């Protein structure tokens with residue numbers, strides 16, 4: 001992520017747009033007085049990384065009865081069991 005000041009962005013706007021269009025930069029932040037003011041990004045959809053299913057397989061174990069501890073949790077919050 002490149003950061004440019006307002007004057008530089010005005011001077012080099014076409015070069016900055018070309019950089020995000022070509023993918024050389026994902027985004028360019030334009031700052032005013034050293035503080036981020038705007039973000040320049042490409043409107044073309046960026047290819048997303050494919051999702052990996054089952055990444056945490058075997059790391060967590062679901063309880064056989066997910067509602068088994070409801071009464072205990074309710075008592076911790078000082079609540080009564082609903083009818």
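Please work out which option in (1) 12.5; (2) 17.9; (3) 14.2 gives Kirkwood radius over Cα pairs in Å calculated from these coordinates, and answer with its label. Calculated Kirkwood radius over Cα pairs in Å: the matching label is (2).
Could you check what % of the DSSP bridge pairs in the chain are antiparallel, to the nearest 5? The answer is about 60 percent antiparallel. Let a ≥ b ≥ c be the square roots of the eigenvalues of the Cα gyration tensor of region 2-41; is it rounded (a/c under 1.5), or, if not, prolate (a/b larger than b/c) or oblate? Taking the square roots of the gyration eigenvalues as a ≥ b ≥ c, region 2-41 is oblate.
Since every read-out is calculated from the coordinates, none of them should be taken as a lab result. Note that the structure is predicted; figures quoted are calculated from it, not measured.
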